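The values are calculated or read from the model by the stated rules, or taken from the named source; none is laboratory data. Keep in mind the model is a prediction, meaning the values are calculated, not measured. Ideal geometry is used to build each Cβ from the backbone, glycine not excepted, and the neighbour counts take in all protein chains shown.
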Amino acid sequence: MFFRRVAASCAGAIRLVITAAPVIAQDYHWVQFGPGLEARAISSDGGACPAATIDGKSIAMVVRAEPDRHYPIRVCSLPIPPRSKTATVAGEQPQC
């Protein structure tokens, strides 16, 4: 159910942000299509992966990419099972 709602609301939504200036430390999270749905989060200050829940159960996000001098953000991910009803990252429903 959650999978279908997100798929319907995210269809065709593509966002691209390019910046050359330094950014203020801020966290972002969203749902991304791949082989299935995946919650993603970034921390521009290299902080830990945020807390996540699927259907009310706490699940740890895993680090997808570590920060380095050329890419100073940490990227975290969490697959969302197809039959999931709800998902949150950092206490909020991820955007698409």
Next on the checklist: Residues to consider are Ile24, Ile59; find the one that is among the β-branched types (Val, Ile, Thr) and at pLDDT below 85.
Outcome noted: Ile24
Item to check | First in region 30-51 and on the phi > 0 side of the Ramachandran plot, second anywhere and at pLDDT 90 or above, Cβ under 9 Å, 6 or more apart | outcome: Gly46/Glu66; Gly46/Arg74
Next on the checklist: Can you tell me which of (1) surrounded by fewer than 14 Cβ atoms within 10 Å (Cβ to Cβ); (2) touching a residue at least 60 places away in the same chain (Cβ under 8 Å); (3) over 23 Å from Pro35 (Cβ atoms) is the one Ala90 doesn't meet?
Outcome noted: (1)
Checklist entry - When you go through Arg69, Arg40, Arg64 one by one, which is the residue that is over 11 Å from the mean Cα position of the chain (by Cα) and either charged (D, E, K, R) or at pLDDT 95 or above (or both)? => result Arg69
Item to check | Residues that are at pLDDT below 90 and not charged (D, E, K, R), drawn from region 72-96 | outcome: Pro72, Ile73, Ala90, Gly91, Gln93, Pro94, Gln95, Cys96
